[in-house]
Amino acid sequence: MKLPIYMDYSATTPVDPRVAEKMMQCLTMDGNFGNPASRSHEYGWNAEKVVDEARQHVAELINCDPREVIWTSGATESNNLAIKGVANFHSKKGKHIITSKTEHKAVLDTCRHLEAQGFEVTYLDPEANGLIDLKKLEAAIREDTILVSLMHVNNEIGVVTDIAAIGEMTRARKILFHVDAAQSAGKVTIDLQNMKVDLMSFSGHKIYGPKGVGALFVRRKPRVRLEAQMHGGGHERGMRSGTLATHQIAGMGEAFRIAKAEMEQENERVMALRQRLWDGLQEIEEIYVNGDFDHRVAGNLNVSFNFVEGESLIMALRELAVSSGSACTSASLEPSYVLRALGRNDELAHSSIRFSIGRFTTEQDIDHAISLIQGSVSKLRELSPLWDMYKDGIDLSTIEWTAH
Amino acid sequence: MAYSDKVLDHYENPRNVGALDSSDSSVGTGMVGAPACGDVMRLTIKVDDNGVIEDAKFKTYGCGSAIASSSLLTEWVRGKTLDEAAQIKNTEIAEELALPPVKIHCSVLAEDSIKAAIADYKKKQEVTEE
């Protein structure tokens, strides 16, 4: 059977062949397999060189000093290290943290964990377009606030947070600012020389690198202190112990190098594809874009098809690999908590599909997707009593439903 | 999630889609579920003078299992008396369609819809008799 067309680049990306090539050079006896921490022989030195180069590539994409890049196992670990590390180190100064309701679970769950340890967390409500109102953020800041953690690009709706402006606000108040940039690296310009971000999380596999590797930017000037969460050999300036996964790191470095070189062209191409998709979908009645249309990454289009239930739509779209909500939550029957936080009503929250396109998406893919979606939506609406009622002019909010 | 062949079949080729004229006194309507929960079923049945369901139509907003449950239900209730139809258990639907545990509520909803349609039909008869 032919595999479905992949339109779930926000869940993960395929490894770029150039990246895979780099990784393969760091595995076998005749390759660069040494332990980068081995100081006594050439195997170790060579591996260290690979790691340093990769660190340099990551630093170049985000415009920081390579010494500010700490390798981790992925963005989830980076988020954990940043938030718990800061909270534990600075708990004498204050115990208040600010984040938002639309963060990734790796941030939300970490904050919940800290709440159980006596920290207080404010979860900001985003505006209806998914963006954070800076005035509301400012109003939430307290004397004992030690950390603000907000994502750069939302994984479900793709909206871009104004982290430069927030950085000015937090720095002026001597509050640390952590940004989850798993979804933004390689898609949105990140300039850490100029953005006053103190900690930033990155992932390998969202940017055509391998899974199982990530990084945390930890600013040196002004110096950010945090408590290690993984103890051992004191790797990564003591912030994250554990033998460095040379091949994973080499892959992530190459992925970041390619992103730096090709981001501009790629964004242009992906944006044109998304516009093509949207032009095709717009012909369908009663569809809504979730999240601000303009302040979003090129590859994301999150749409609700009113009066059609999301899971049945995904079933109808078996030839497309898309997701309803995020991959982390799609096993549950709950509608997306992100769309809920935006104030979307239940029907719309239940009927959302995230299309995320990327490096290997073609125009043919988009055209095929459009015709599949148009056909499936109209078929499911023929089956939908809600669609009938809408067509009869009945306001669904006036009906007393038998909730179960 | 993998769906059973029977769910896929009903989903691909739903039986008896539509609605019967609810203003007809021999037609009973059962609408159950809520958009907030992600599924709404509307079942309409037409009952003949002998109390036998001669026609049944459905429309369902919901996942594939919900659509399949209601499609199957319309097949089962046709030709049954109201009493027989009221005996249909959700477990029979779940078993026939091999629904996984997280989808059992779809079969519950289908059972609720036939009960609601029968109740609506009976209520209409009382009004007509008066």
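The values are calculated or read from the model by the stated rules, or taken from the named source; none is laboratory data. Remember, it's a predicted structure, so these values are computed and weren't measured experimentally. Note that each Cβ is placed from the backbone with ideal geometry, even for glycine, and that neighbours are counted across all protein chains shown.
What to note about this one:
- Number of the condition not met by B:Lys59 [criteria: (1) surrounded by fewer than 24 Cβ atoms within 10 Å (Cβ to Cβ); (2) within 12 Å of another protein chain (Cβ to nearest Cβ); (3) charged (D, E, K, R); (4) within 27 Å of A:Ser378 (Cα to Cα)]: (1)
- Residues that are charged (D, E, K, R), assigned to a loop (DSSP other than H, G, I, E, B) and farther than 21 Å from A:Ser356 by Cα, drawn from segment A:8-45: A:Asp30, A:Arg39
- Reported count of residues in segment A:136-160, each being farther than 18 Å from A:Phe217 by Cα and assigned to a loop (DSSP other than H, G, I, E, B), is 9.
- When B:Asp49 is tested against (1) farther than 23 Å from B:Thr91 by Cβ; (2) out of contact with any Ser or Thr (no Cβ under 6 Å at 6 or more places or on another chain); (3) modelled with pLDDT of 95 or more, exactly one condition is not met: (3).
- Set A:Ile5, A:Ile83, A:Ile70: member being under 30 Å from A:Val322 (Cα atoms) and either without any contact (Cβ under 8 Å) to a residue 24 or more places away in the chain or β-branched (Val, Ile, Thr) (or both): A:Ile5
- Filter pass, B:Leu8 being over 22 Å from A:Ser397 (Cα atoms), within 13 Å of another protein chain (Cβ to nearest Cβ), aliphatic (A, V, I, L, M) and touching a residue at least 40 places away in the same chain (Cβ under 8 Å): yes
- Residue check for B:Lys122: within 17 Å of B:Met31 (Cβ to Cβ), more than 14 Å from every other protein chain (Cβ to nearest Cβ) and out of contact with any Cys (no Cβ under 6 Å at 6 or more places or on another chain): yes
- Residue in segment A:172-188 that is outside any loop (DSSP other than H, G, I, E, B) and over 21 Å from A:Arg237 (Cβ atoms) present: yes
- When B:Glu84, B:Glu54 are checked against the criterion of being touching a residue at least 24 places away in the same chain (Cβ under 8 Å), away from every other protein chain (no Cβ under 14 Å), over 24 Å from A:Lys379 (Cα atoms) and surrounded by fewer than 24 Cβ atoms within 10 Å (Cβ to Cβ), a single residue qualifies: B:Glu54.
- Test: residue in segment A:112-120 that is surrounded by fewer than 24 Cβ atoms within 10 Å (Cβ to Cβ), of a type in the set (D, E, K, R) and under 27 Å from A:Val19 (Cα atoms): no
- Failed item in (1) farther than 25 Å from B:Thr44 by Cβ; (2) at the interface with chain B (Cβ under 9 Å from one of its Cβ atoms); (3) loosely packed, with under 15 Cβ neighbours inside 10 Å, with A:Tyr288 passing the rest: (2)
- Near pairs, Cβ below 7 angstrom, 6+ apart or cross-chain, from segment A:351-368 (outside any strand (DSSP E or B)) to any residue that is aromatic (Phe, Trp, Tyr): A:Ser351/A:Phe305; A:Ile357/A:Tyr9; A:Gly358/A:Tyr9; A:Arg359/A:Tyr208
- Filter pass, A:Ser312 being within 14 Å of another protein chain (Cβ to nearest Cβ), part of a helix (DSSP H, G or I) and of a type outside the set (A, V, I, L, M): yes
- Scanning segment A:270-309 for residues that are in a helix (DSSP H, G or I) and closer than 18 Å to A:Ser184 by Cβ turns up A:Val270, A:Met271, A:Arg274.
- Taken residue by residue, segment A:88-97 has at least one member that is closer than 27 Å to A:Asp191 by Cβ, part of a helix (DSSP H, G or I) and of a type outside the set (Ser, Thr, Tyr).
- Within segment B:11-36, the set of residues being facing chain A (nearest Cβ under 7 Å) and free of Cβ contacts under 8 Å to residues at least 24 places away in the same chain comprises B:Ala34, B:Ala36.
- Residues satisfying the stated conditions in segment B:93-114, i.e. under 25 Å from B:Asp55 (Cβ atoms) and either within 13 Å of chain A (Cβ to nearest Cβ) or of a type outside the set (A, V, I, L, M, F, W, C) (or both): B:Glu96, B:Cys106, B:Ser107, B:Val108, B:Leu109, B:Ala110, B:Glu111, B:Asp112, B:Ser113
Conditions tested, residue by residue: (1) surrounded by 15 or more Cβ atoms within 10 Å (Cβ to Cβ); (2) closer than 22 Å to A:Glu347 by Cα; (3) in contact with a Leu (Cβ under 8 Å, 6 or more places away or on another chain); (4) polar (S, T, N, Q).
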residue	(1), (2), (3), (4)
B:Ser25	no, no, no, yes
B:Gly33	yes, yes, yes, no
B:Met41	yes, yes, yes, no
B:Lys46	yes, no, yes, no
B:Asn50	no, no, no, yes
B:Glu75	no, no, no, no
B:Ile88	yes, no, yes, no
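- Picking from residues in segment A:369-404 that are part of a helix (DSSP H, G or I) and among the polar types (S, T, N, Q), the one that is surrounded by the most Cβ atoms within 10 Å (Cβ to Cβ) is A:Ser376.
- Of A:Arg318, A:Arg340, A:Arg344, all but one fail to be within 30 Å of B:Ser70 (Cα to Cα), charged (D, E, K, R), within 19 Å of the chain's Cα centre (by Cα) and modelled with pLDDT under 95; the exception is A:Arg340.
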